[in-house]
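Colleague: Quick one: the structure is below, questions incoming.
The values are calculated or read from the model by the stated rules, or taken from the named source; none is laboratory data. Keep in mind the model is a prediction, meaning the values are calculated, not measured. All Cβ positions, glycine included, derive from the backbone under ideal geometry; neighbour counts span all protein chains shown.
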């Protein structure tokens, strides 16, 4: 049966098989008791992710196992007493090393999930480690749970956070701090959980620790933005107050200040929006995993849920408040900038009206001057035309034609002046009509657009 066809003749969606496989791409592990586990979350880009895959192949070769040919979202390989799991996420890759070849007793952190790894392999993993911790599983079904002072010694005397998850089927101790070896620590006592149930518990603990650190990545950004954000709020308040109460306003200077503020806000949003959004998503995952633990309190100690809600939730709220302030400041700057642009447009319109009025006045003066020039032109043209007629009459008279040249010349004066004036007026009306027709065509074209 292919992805698109089956024996029933139904046409299947080409992605149907991939969608089914997605639900099974990261199955829970089956973890025995006792076990030593080390979990790493390594932030990386696309090139580093590909380099990690090539680096993982070296581990296969060390244990004389055929390496995979193609990179996948999740790899799980069993090298005997060492099991390795690699998962690819959006921003990071996780490595889980499970050492099952351990014996119960002694300090549970003397042997870790990293112990069976070949020397020099771990420190060559491409990328930057954001989360790294050991998780030791002890079997409390075969031996009694250790007393609290001894447990505290395993955590180097740091303040403990502990609870009884899964309705008391296990006991978990941690500090959510970095210890002397540079990694965090979790200690799990399995009271009556199966290997599958223990695998789910361990997976939730690893995800809680990893996701809470990823959620906190945006907190330094929020703390860096907040002081400048407060200054920007005050500057914007000063600008709006100046607009509301001042009669003399330098629109160009205020618009320049608003542009600088808007540039800063947009730069912060471009740099922080993704990080803040990721924080909310990781925080939701942490809260979901905490609910799945179903913790019971250990007398005198904070549970993991209480610790997280007391420390992590305020940090996430700080990031959310900073993000909301950025969005609010951006909207307010846009509104004030619109007000300033409206003031500038009104000022420009007022100037244009004054300019048009001045141009209209000059047009009237020019029209009067034009009429005057037209009158002088009629007189000048008539004078030269009459002069030509005079030459014609004298030429005819000298040729022997019997005529009263003085009378004819006198009669021609009003006739010539009238004809010249009528012709000039007709030409003037013709050009005015052309101008009106062009204006009408421009109006129609503008309405058509």
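Colleague: Just one of 81, 88 is surrounded by 15 or more Cβ atoms within 10 Å (Cβ to Cβ), in contact with a strand residue (DSSP E or B) (Cβ under 9 Å, 6 or more places away or on another chain) and either in the same structural domain as residue 133 (by TED's automatic domain parsing) or under 22 Å from residue 195 (Cα atoms) (or both); which is it?
Modeller: From the options 81, 88, the qualifying one is 88.
Colleague: Another question, if that's okay. Just one of the numbered conditions (1) surrounded by 20 or more Cβ atoms within 10 Å (Cβ to Cβ); (2) under 23 Å from the mean Cα position of the chain (by Cα) is not true of residue 305; which one?
Modeller: Checking residue 305 against (1) surrounded by 20 or more Cβ atoms within 10 Å (Cβ to Cβ); (2) under 23 Å from the mean Cα position of the chain (by Cα), the one that fails is (2).
Colleague: For residues in the stretch 263-304 being in contact with a strand residue (DSSP E or B) (Cβ under 7 Å, 6 or more places away or on another chain) and not in a helix (DSSP H, G or I), which is modelled with the lowest pLDDT?
Modeller: Initially, the stretch 263-304 is screened for residues in contact with a strand residue (DSSP E or B) (Cβ under 7 Å, 6 or more places away or on another chain), giving 295-298, 301-304.
Cutting the leftovers down to not in a helix (DSSP H, G or I) gives us 295-298, 301-303.
Numbers: 295: 89, 296: 88, 297: 86, 298: 83, 301: 86, 302: 88, 303: 91.
Per the stated criteria, the residue is 298.
Colleague: Can you name the residue in the stretch 312-334 that is farther than 18 Å from residue 268 by Cα and touching a helix residue (DSSP H, G or I) at 6+ places or on another chain (Cβ under 9 Å) and, of all such residues, is surrounded by the fewest Cβ atoms within 10 Å (Cβ to Cβ)?
Modeller: Top of the filtered list is 313.
Colleague: Six or more apart or on different chains, Cβ under 7 Å: which pairs go from a residue in the stretch 351-380 that's on the phi < 0 side of the Ramachandran plot to one that's in a helix (DSSP H, G or I) and modelled with pLDDT of 75 or more? Could you list them?
Modeller: 374/424; 377/424; 378/417; 378/420; 378/421; 378/424
Colleague: Continuing with the same structure: Right, residue 7: at pLDDT below 80, over 23 Å from residue 194 (Cα atoms) and over 32 Å from the mean Cα position of the chain (by Cα) or not?
Modeller: Answer is yes for this residue.
Colleague: From the list 108, 126, 116, pick out the single residue that is surrounded by fewer than 20 Cβ atoms within 10 Å (Cβ to Cβ), in the same structural domain as residue 32 (by TED's automatic domain parsing) and farther than 23 Å from residue 311 by Cα.
Modeller: The conditions single out 126.
Colleague: Continuing with the same structure: Being in contact with a helix residue (DSSP H, G or I) (Cβ under 9 Å, 6 or more places away or on another chain) and modelled with pLDDT under 75 is the requirement here; does residue 374 meet it? Full working, then the answer.
Modeller: Values: in contact with a helix residue (DSSP H, G or I) (Cβ under 9 Å, 6 or more places away or on another chain): yes; modelled with pLDDT under 75: yes.
Yes, satisfied.
Colleague: Right, next: Only one residue in 219, 258, 243, 254 is in a helix (DSSP H, G or I), closer than 30 Å to residue 165 by Cβ and in contact with a helix residue (DSSP H, G or I) (Cβ under 8 Å, 6 or more places away or on another chain). Which one?
Modeller: Exactly one residue qualifies, and that residue is 219.
Colleague: Can you tell me how many residues in the stretch 262-315 are without any contact (Cβ under 8 Å) to a residue 12 or more places away in the chain and under 30 Å from residue 337 (Cα atoms)?
Modeller: Looking only at that region, the number is 5.
Colleague: Return yes or no: is residue 358 at pLDDT below 80 and part of a helix (DSSP H, G or I)?
Modeller: Taking the combined requirement at face value, the residue satisfies it.
Colleague: Okay, next question. Can you list the helices (runs of 4 or more DSSP H) lying wholly within the stretch 118-215 that have 3 or more residues being under 36 Å from the mean Cα position of the chain (by Cα) and at negative phi? Give the derivation first.
Modeller: Working: elements: 148-154, 165-168, 195-215.
Of the helices (runs of 4 or more DSSP H) lying wholly inside the stretch 118-215, those with at least 3 residues that are under 36 Å from the mean Cα position of the chain (by Cα) and at negative phi span 195-215.
Colleague: Okay, moving on. Determine if the stretch 34-50 includes at least one residue that is touching a helix residue (DSSP H, G or I) at 6+ places or on another chain (Cβ under 7 Å) and over 19 Å from residue 98 (Cβ atoms).
Modeller: Yes: the stretch 34-50 contains one or more residues that are touching a helix residue (DSSP H, G or I) at 6+ places or on another chain (Cβ under 7 Å) and over 19 Å from residue 98 (Cβ atoms).
Colleague: Looking only at the stretch 174-190, count every residue that is surrounded by fewer than 17 Cβ atoms within 10 Å (Cβ to Cβ) and in contact with a helix residue (DSSP H, G or I) (Cβ under 9 Å, 6 or more places away or on another chain) and tell me the total.
Modeller: Adding up the residues that qualify gives 0.
Colleague: Go through (1) under 13 Å from residue 212 (Cβ atoms); (2) touching a residue at least 24 places away in the same chain (Cβ under 8 Å) for residue 318 and report which single condition fails.
Modeller: Residue 318 satisfies all of (1) under 13 Å from residue 212 (Cβ atoms); (2) touching a residue at least 24 places away in the same chain (Cβ under 8 Å) except (1).
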